[in-house]
1. Taking the Cα atoms of region 301-362, report the difference between the largest and smallest coordinate on each principal axis, in whole Å and largest first.
2. Simple spin-label model, 7 Å along Cα-to-Cβ: residue 60 to residue 244 in nm?
3. In a Debye calculation with equal point scatterers on the alpha-carbon sites of region 46-147 and no solvent, what is log10 I(q)/I(0) at q = 0.11, 0.14, 0.19 Å⁻¹?
4. Could the peptides 59-71, 327-339 be put in order, highest first, of the mean number of other beta-carbon atoms found within 10 Å of their residues?
5. Dividing the Cα radius of gyration by the Kirkwood radius, what Rg/Rh value follows for region 255-306?
6. How do 139-149, 269-279, 352-362 rank on mean C-beta neighbours within 10 Å, highest first?
7. For the chain, modelled as a Gaussian network with Cα springs under 10 Å, which listed residue fluctuates most, 319, 208, 186?
8. If each Cα of region 150-218 is one equal point scatterer, what is log10 of I(q)/I(0) from the Debye formula at q = 0.19, 0.20 Å⁻¹?
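Bear in mind that the values in this text are calculations on the coordinates, not laboratory data. None of these values were measured; they are calculated from a predicted model. When we count neighbours, we look across all protein chains shown, and the Cβ atoms used for this are built from the backbone with ideal geometry, even at glycine.
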């Protein structure tokens with residue numbers, strides 16, 4: 001089911017106005033290297049495998065600055081992370097898709113009140129491929145949709161030729177690779193295909209891959225491995241983990257845009273906040289059909305989700321310290337270096353800080 005259709009959204013200008021109104025808080029976010037002063041204890045999280053590189057960097061700095069603290073993170077996928085959080089198995093979840101209405105109600109019940117759901121960074125999803133002799137590839141949204149729908153089966157198909165008139169495309173079968181697990185990356189990728197492919201994709205917006213055919217692989221690393229070890233393969237994965245695989249340039253307006261963190265970051269300027277949520281639930285919908293020059297629209301907004309109130313004071317302090325660091329200036333820089341993500345803008349980071357600062361014991 002296309003959850004985006006069911007959600008009402010607020011225009012980006014409204015989100016910007018709110019962010020600007022909170023911009024005075026931005027200064028408090030500067031120089032916040034750990035968000036804490038010697039917190040201790042064990043914090044358990046689970047969720048998006050796309051966050052794995054960033055979390056590894058965050059753990060290193062956070063645990064160095066807080067020698068008594070241990071952070072564990074299980075990259076089981078966005079769906080699994082949200083499930084574990086709602087079930088009470090972990091104190092926070094990492095997710096590349098925000099909580100849907102049913103999950104939000106269940107999470108509030110589990111937390112005994114409001115939740116804190118905040119973007120941690122914006123990351124481009126690369127359309128990765130392995131095709132001998134083709135080092136540069138342009139693809140329109142409609143062509144990408146047809147490839148993953150299974151209606152475009154050969155690399156020298158006329159649709160791919162139209163996007164690459166000067167390329168020497170081989171008569172090789174296309175093997176699309178998709179995630180086998182519930183995945184926020186899949187949700188964001190299919191959201192792009194659903195909005196932008198002009199009917200090339202017919203599978204809707206889903207976290208679990210809906211169509212037959214192609215090859216299934218578990219987690220981000222599984223997709224990368226399957227594409228790398230195949231022939232004529234194509235898949236979708238967090239750009240930071242694409243390695244030396246080919247990465248397609250995606251058509252936006254009249255140009256083909258290279259996948260970069262900078263191009264991905266521009267999508268937040270056109271994103272819309274989801275209506276009807278609490279002040280500490282900062283969920284956004286991305287404009288996948290942007291024609292703005294330099295915007296790369298296949299992105300995921302990566303979230304971390306926590307309770308606003310914890311019964312245990314030490315858990316509350318530890319969770320607040322972790323999220324303060326992750327979304328603060330130093331944490332954003334660490335993620336950018338380790339995962340190739342785009343840091344939150346100052347105004348947006350100020351809004352996130354206001355939400356994180358409400359975490360408490362009660």
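1. On the principal axes, region 301-362 reaches 36, 22, 18 Å in Cα extent.
2. The modelled label-to-label distance comes out at 2.2 nm.
3. So the normalised log intensities work out to -0.50, -0.71, -0.99.
4. On the way: 59-71: 16.8, 327-339: 21.3.
Those peptides, ordered most packed to least, come out 327-339, 59-71.
5. On the way: Rg = 12.4 Å, Rh = 12.1 Å.
Here Rg/Rh amounts to 1.03.
6. Working: 139-149: 23.9, 269-279: 16.2, 352-362: 18.6.
So the peptides 139-149, 269-279, 352-362, ranked by packing, come out 139-149, 352-362, 269-279.
7. In the Gaussian network model the winner is 208.
8. With one equal scatterer per Cα and no solvent, log10 I(q)/I(0) is -0.85, -0.91.
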